[in-house]
Amino acid sequence: MSDRKAIRGTFLDFIDDPFFRPATESARFLADGLLVVEAGRIVNFGDYDEVRSQHPTLEITHYPHHLITPGFIDLHTHYPQTEMIAAYGEQLMEWLDKYTFPTEAKFQDADYARRIAVFFLEELLRNGTTTAVVLPTIFPQSVEVFFEEAQRRNLRMIAGQVLMSRNAPDFMINPAGKAYEEMRSQIQKWHGQDRLLYAITPRFAITSTPEELAMAGALKAEFPEVYVHTHLSENLKEVEFTAQLFPESRDYLNVYEQFGLVGDRSIFAHCVQLDESAFGRLSKAGAAIAYCPTSNLFLGSGLFKLHQAKSVTQPIKVGLATDVGAGTSFSMLKTMGEAYKVAQLQGQSLSSLQAFYLATLGAAKALSLDDRLGNFAIGKEADFVVLDPTATPLMKLRNPKPATTLEEVMEQAFTLMIVGDDRMVKATYVGGAIAHSLL
């Protein structure tokens, strides 16, 4: 029996980059569209009347006065930090010592790790996020239970054991040789298993010795299809300490370059303190930046130069990220809103189309997964989110009628990213099946 199904509603996705192309050429808006999915993939998509004529007997789920977009992609987040979100009063280095490392130590307990992984994944789905790049901890059991729970939910997730061999409490140190064997085994078990992918994950340069980073580079050379995921130039004290630890490196990025960790499957979180040279080298390498506005503001790290990362001359792949738990929300809508404010503080602007692009197709391109995710192209995986622009009294007052033009949906999407949150998420679909619903 076929599992083919159809979803009707108002759709918004992207076929090009709205930072570089006009809205009419980069965005695709259907005031009344029909999406047909089967076996977890999109098999047809277009205007309702046209697609309906090709599937006249198919049962339809209709979401009137809703906006349907591809599932959100969170490019950088920490599932073990879920319970310490909103930890008061410190900047990065002190915050790690006071809150993060003691919290992550609890993940030696696999049962505890599983409980938090379940909560974390359900929270992602409640906020419309269907793919994420996730840091577990140094403990292999924290990786295993995360992948098991993600697999159970048919989610496309990227994760990998965190490397830490110095400059951390003894209870958060894992010798590089031991970590290598654990990671190598995990890659062979999990990378490419169902919708799961692996990332070699040095926490940041400060907590890895040169020998450990060399090991990470060797593992990347052995398994070139896996990702590299780490932090880069988040905080001024972090940058200064890194320079002391690696005096032979020209800058922070060069630490990773020297060990073969900068390439087209490398994801660098934050990048707040980068200079022009580093931006240019990231662009040339095809690496990606995970932009974490709520975290950068909460920890006082600084204002990310999105306009420079998306320059015409040296464009870099960028996606939005929540960075829970320094980040203050699981909601990609709230993350978009904070990114808009950061742009305003720098005399720049961020349109609703640009923001939604960074959470969908832009993030998929950053992960080299745009052949599978990011828009409603036929053949792609059917992950999408149904947003209710009237979910609260204020939103209903602000959006009294459905959007019927691209200009109207741009305005509606802007209200969603400025005052929206998880209450706007009516349903989240993973592989064409409902994974979360407010119905």
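Read-outs throughout are calculated quantities, based only on the coordinates presented, and are distinct from any laboratory measurement. Nothing here was measured: the structure is a model prediction, and the numbers come from that model. Using ideal geometry, Cβ is built from the backbone for each residue, glycine included, and neighbour counts are taken over all protein chains shown.
If a paramagnetic tag sat 7 Å from the Cα of Lys189 along the Cα-Cβ line, which residues of region 68-92 would have the backbone N under 20 Å from that point? Answer for region 68-92: 79-80.
Rank by packing, highest mean first: peptides 118-129, 45-56, with packing defined as the count of other Cβ atoms within 10 Å averaged across residues. Write down the numbers at each step before the final one.
Details: 118-129: 21.5, 45-56: 14.3.
Going from most to least packed, we get 118-129, 45-56.
Rounded to the nearest 5, the antiparallel percentage of DSSP beta bridges internal to the chain is 45%.
For a paramagnetic label modelled on Ala23 (point 7 Å from Cα along Cα→Cβ), amide N atoms under 20 Å away belong, within region 397-439, to 398-420. Taking the average, over residues, of other Cβ atoms within 10 Å as the packing measure, peptides 107-116, 148-157 rank 148-157, 107-116 from highest down.
Work out, step by step, the length gained on full extension between Asn254 and Asp275: first 0.36 nm times the residue separation, then minus their alpha carbon distance; give nm to one decimal.
Working: separation 21, 0.36 × 21 = 7.56 nm, distance 1.22 nm.
Extra length available between Asn254 and Asp275 comes to 6.3 nm.
With Cα atoms as the point set, region 170-273 shows a radius of gyration and Dmax of 13.8, 42 Å. Between the alpha-carbon centres of region 233-272 and region 314-383 there is a gap of 23 Å.
What whole-number volume per residue, in cubic angstrom, does the convex hull of the C-alpha atoms of the chain give?
Details: hull volume 59.1 nm³, N = 439.
So the per-residue Cα hull volume is 135 Å³.
Modelled spin-label separation between Gln108 and His65, with each label point placed 7 Å from Cα along the Cα-to-Cβ direction: 5.5 nm. Over region 72-330, the ratio between the Cα radius of gyration and 2.2 N^0.38 Å evaluates to 0.92.
State the extension gain, in nm to one decimal, for the chain segment bounded by Val312 and Ile378, taking 0.36 nm per residue of separation less the distance between their alpha-carbons.
Numbers: separation 66, 0.36 × 66 = 23.76 nm, distance 2.93 nm.
Working it through step by step, the gained length comes to 20.8 nm.
Between Lys341 and Phe119, the simple label model (points 7 Å from Cα in the Cβ direction) yields a spacing of 2.5 nm.
Checking the table Lys189/Lys220; Lys5/Lys365; Lys284/Lys380; Lys396/Lys426 against a 19 Å threshold on Cα-Cα, which pairs fail?
Working: Lys189/Lys220 16 Å; Lys5/Lys365 27 Å; Lys284/Lys380 28 Å; Lys396/Lys426 14 Å.
The answer is Lys5/Lys365; Lys284/Lys380.
Length available on full extension from Asp170 to Asp421: 0.36 nm per residue minus the Cα-Cα distance, which gives 86.5 nm.
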